[in-house]
1. Kirkwood-based Rg over Rh for the range 8-80 (C-alpha set), two decimals?
2. Which chymotrypsin sites (Phe, Trp or Tyr not before Pro) in the range 19-69 pass both tests, a DSSP loop state and at most 15 other beta-carbon atoms within 10 Å?
3. As an exercise, find the ratio Rg/Rh for the chain from alpha-carbon atoms, using the Kirkwood inverse-distance average for Rh.
4. State the percentage of accessible surface on the chain attributable to carbon and sulfur atoms; use a 1.4 Å probe and exclude ligands, DNA and RNA.
5. Could you give me the ³J(HN,Hα) list for the range 106-123, computed from phi with Karplus coefficients 6.51, -1.76, 1.60 and θ = phi - 60°, whole Hz, x at Gly and Pro?
6. Which trypsin sites (Lys or Arg not before Pro) in the range 11-116 pass both tests, a DSSP loop state and at most 15 other beta-carbon atoms within 10 Å?
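The values are calculated or read from the model by the stated rules, or taken from the named source; none is laboratory data. Small disclaimer: the values here were computed from a predicted structure and weren't measured. Cβ placement follows ideal geometry from the backbone for every residue including glycine, while neighbour counts extend to all protein chains displayed. Accessible surface is based on the protein model in full, side chains and every heavy atom, while ligands, DNA and RNA are left aside. Shrake-Rupley method; radii C 1.70, N 1.55, O 1.52, S 1.80 Å.
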Amino acid sequence: QVQLVESGGGLVQAGGSLRLSCVASGRTFSTLSMGWFRQAPGKEREFVAAINRSGRYTMYADSVKGRFIISRDNTKNTVYLQMNILHPEDTAVYYCAANMNGYSQAIRDYTYWGQGTQVTVSS
């Protein structure tokens, strides 16, 4: 069983930045591919970014490409999402997820999920 705990959410003005963190426990972190997803009120959960086990490969949703950066520190069992140039439409609950297979943008590929952290971007 893998436990994921996100932190770093909050209220920020448009154009600002936030960094989310997700600490994993319960399994060797370097065996997990990791992803970030988000869900805005009234909308379905959507893919944001993913990173492979070593951190060498990443992928992003088009809506965040060039603004968000996903990274990981396997010595700290932590994955990060650096969010820059935030827009009001980035407002959502952000979820960290773990995948024991290859990194993916498909929700169905992720087995373990955190409880989410709220990000609110004011205009």
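1. For the range 8-80, the value is 0.98.
2. Here the sparse-neighbourhood loop sites are Y57.
3. Ratio value, two decimals: 0.94.
4. Carbon and sulfur together cover 47 percent of it.
5. 8, 4, 5, 7, 9, 8, 10, 9, x, 8, x, 9, 7, 10, 10, 10, 8, 8
6. Numbers: sites: R19, R27, R38, K43, R45, R53, R56, K65, R67, R72, K76, R108; in loops: R27, K43, R45, R53, R56, K65, R67, K76.
Listed in order of number, the matching sites are R27, K43, R56, K65, R67, K76.
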